[in-house]
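Report on one structure; see the data block that follows.
The values are calculated or read from the model by the stated rules, or taken from the named source; none is laboratory data. The model shown is predicted, which means the values in this text are computed figures rather than measured ones. With ideal geometry, Cβ positions are generated from the backbone for all residues, glycine too; neighbour counts draw on all protein chains shown. Note: areas computed on protein heavy atoms with side chains; ligands, DNA, RNA excluded. Shrake-Rupley method; radii C 1.70, N 1.55, O 1.52, S 1.80 Å.
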Amino acid sequence: MRRTLIATAALAITLLAPNARAQDTLNQPHWQSQGAFGSYDKAALQRGFLVYQTVCASCHAAGELHYRDLAGLGFDTAQVAAIAANVKLADGPATPDDIFKNPYPDPAAAAAAFGGAIPPDLSTIVSARPHGTRYVYDLLTGYAAAPSDMTLMPSHYYNIAFPGMQIAMPPALKDNQVTYADGTKATAAQEASDVAAFLTWAADPNLDARKEIGLRATLFLIFLTILAIATKRKIWRESV
Amino acid sequence: MATPNVQTKPWLESRLPLSTFWRNHVSGYPAERDQPYLATLPGLILGALIFLAVSGAVLSLFYVAAEGSAFHSIQFIARSVNFGWLIQSFHSTGTTMLFAAVYLLLFRGILGSQYKGSGDLVWFLELTLFILLLLVGWLGFVLADGATGYWSLHNAAMAGARLGGLPGAIAEWIFGGPAGPGTLARMVVFHVVLALLLLVVASTLIIARRTTAPPVQRKPVALHPYYTAQYFTAFVIFALIFAILVFFAPHLGENHLNLAAANPLMVPAVLTPPWYLLPLAAIGSIVPTTLGGVIAVIAGLAVLYALPWLDRSRPGASTGLLYRFLVFILGLDVIALAIASAAPPSFITGILIKLFIVWYFLHFLVLTPLTSSTPVGATPVGATPAGGTESK
């Protein structure tokens, strides 16, 4: 009886929560990298990588990323080497200089697995979609029961965030799918948020350096602009 | 060491008179007073072109001009080359700054009727710069080999292959037939050669502006330090805007989809080019046939070339208030055209795009001859040649 109740409640949350979140305009999900001065939250990136490696990487490739790039998430050399060594490629364990493993030998095999839909490469998915970070989050949490007047295509799922409202990717995230090392509660929404943060890093790994240099350059140039205007006004005033 | 007492000039000066050049053309060059900041635009454009040539040369060290590898090589530059992301962003955002400066230059030219009288040569050079820049910009967009650039190149090459006669022969000479593995290498050659030509045109433009400038009316000032100070200020402001865009909005005005690798099996629903190509791309795609599109683009540029004849006011006559108002409307019209053609296609945007294009041609072919022939304050009905206050 009690188990049935919990199962029903869990089902209700899975089905209703995405809709509730989509309409929740007061508590929008937020990522630390957003805004002009935002930088990556390395803890969130590492959690997101765990979700990526456990869930996403079993179907999606990320052909522009090397395992060595994971140093950008705050992993040290030994940790990166251990992560790579855990990945089994065709010719033995991966090294840090290997590209992220492509789960399918060729696009045809990937298409065959999903009824013709090829899981896209995730290297630049965040920059290739408008408001990409939010899009990834919305997509991962956007599964719901299809409205009664809608007929889905075979092996497609209703998703409020996907253009056309039906997607060939099955719902990927559920609560406690991973166990976070830092003790963060692994709700499906938390996992979606973390993996969105990770994919934002994957698409733009230089964001921190870019904004840091940008702030210095902008401040310097503002100072130089004031100096240049003052000099020019003085010269123009004196050359009568 | 060049003191007046020494009879013979120093070794270098006697062979290459640099200090005489400096005196004649910079430190002692008589210039008109109180030129506005925006008169520095041609200099900034030349500077931006040199900057793009240098950053492009650095990118070419790692760029692989082959279908399927080009996108990957740019990702490699951005991720694995030291400060490659910065150089790549310099090149793409520098293009945005350059186009903004050129659009502003053309707008000022139309607003101030600078194409009249002896200013026509400068106007033609400015338009030639603009057209070459559109070509180089499109080639650069295609070289990125993203999901939209890939299909833009394929559509252009296929359209070229369908053309017959002389246009077809020209298209074949450029693309070498339908786009394939080797096409990007050809596009690199055109990108570089036309960019070098741009440097020549921009330099010629600056010289032509100087030689055709009206004689100095009031007591002149020396170019240095009077205008070098102004140039420096304009340059720093230009650099400030550039830095803000590079570091905080590196993909401004680009189609998001061009940041995904091209998929030869999937055509994106919306194939919008970068912002600087949008108005002309919209004009080109209003006619369904290939040749019609080419003719529409040529017509859209030809009305700009025809401005010295379409504007019927006399050289030296000040532009009327109504004319200036219409030029501002034209500027808004072109911006609105770009926004409408970048928006997802719908019934409304389809109508708006046609409306904005009609207004564009109406402005040049009807409104400009009408308003420019009318003295300020008179009714804009009369189509008789100007009997303005300044006519002799």
| For region B:202-234, how many residues are open to solvent by 50 Å² or more (accessible area, probe 1.4 Å) and within 15 Å of B:ILE45 (Cα to Cα)? | 6
| query | open to solvent by less than 40 Å² (accessible area, probe 1.4 Å), more than 8 Å from every other protein chain (Cβ to nearest Cβ) and farther than 24 Å from B:ILE335 by Cβ - does that describe any residue in region B:243-262? | reply | yes
| remark: Of the residues in region B:111-144 that are closer than 18 Å to B:LEU301 by Cα and of a type in the set (Ser, Thr, Tyr), the one that is farthest from the chain's Cα centre (by Cα) is B:SER113
| Does region B:20-36 include one or more residues that are open to solvent by less than 20 Å² (accessible area, probe 1.4 Å) and within 21 Å of B:LEU133 (Cβ to Cβ)? | no
| query | Looking at this structure, is A:ALA90 at pLDDT below 95, hydrophobic (A, V, I, L, M, F, W, C) and closer than 29 Å to A:GLY142 by Cβ? | reply | no
| field | Failed criterion for A:GLU191 (all others in (1) assigned to a helix (DSSP H, G or I); (2) exposed (fewer than 15 other Cβ atoms within 10 Å of the Cβ) hold) | value | (2)
| query | If you take the residues in region A:84-108 that are assigned to a loop (DSSP other than H, G, I, E, B) and of a type in the set (Val, Ile, Thr), which one is farthest from A:PHE49 (Cα to Cα)? | reply | A:THR95
| field | Criterion: within 22 Å of the chain's Cα centre (by Cα), assigned to a loop (DSSP other than H, G, I, E, B) and more than 14 Å from chain A (Cβ to nearest Cβ) - qualifying residue of B:PRO288, B:PRO273, B:PRO315 | value | B:PRO273
| request: For residues that are buried (at least 16 other Cβ atoms within 10 Å of the Cβ) and in a loop (DSSP other than H, G, I, E, B), tally how many sit in region B:130-169. | output: 3
| query | For B:ALA66, are the conditions met, namely being away from chain A (no Cβ under 14 Å), over 27 Å from the mean Cα position of the chain (by Cα) and over 15 Å from B:GLY137 (Cα atoms)? | reply | yes
| note | Out of (1) within 13 Å of chain B (Cβ to nearest Cβ); (2) surrounded by fewer than 20 Cβ atoms within 10 Å (Cβ to Cβ); (3) touching a residue at least 12 places away in the same chain (Cβ under 8 Å), the one A:ILE83 does not meet is (1)
| task | Mind listing just one residue for me: the one in region A:31-62 that is over 13 Å from the mean Cα position of the chain (by Cα) and surrounded by 17 or more Cβ atoms within 10 Å (Cβ to Cβ) and, of those, farthest from A:ALA117 (Cα to Cα)? | result | A:ALA43
| message | Return the residues of region A:204-240 that are open to solvent by less than 50 Å² (accessible area, probe 1.4 Å), in a helix (DSSP H, G or I) and either facing chain B (nearest Cβ under 7 Å) or within 30 Å of B:PRO220 (Cα to Cα) (or both); say none if nothing qualifies. | response | A:ARG210, A:LYS211, A:GLY214, A:ALA217, A:THR218, A:LEU221, A:LEU224, A:THR225, A:ALA228, A:LYS232, A:ILE235, A:TRP236
| request: Only one of these is at pLDDT 95 or above, open to solvent by less than 30 Å² (accessible area, probe 1.4 Å) and over 30 Å from A:ASP208 (Cβ atoms): B:LEU52, B:LEU105, B:LEU111, B:LEU86. Name it. | output: B:LEU105
| query | Yes or no: A:ALA78 modelled with pLDDT of 95 or more and open to solvent by 30 Å² or more (accessible area, probe 1.4 Å)? | reply | yes
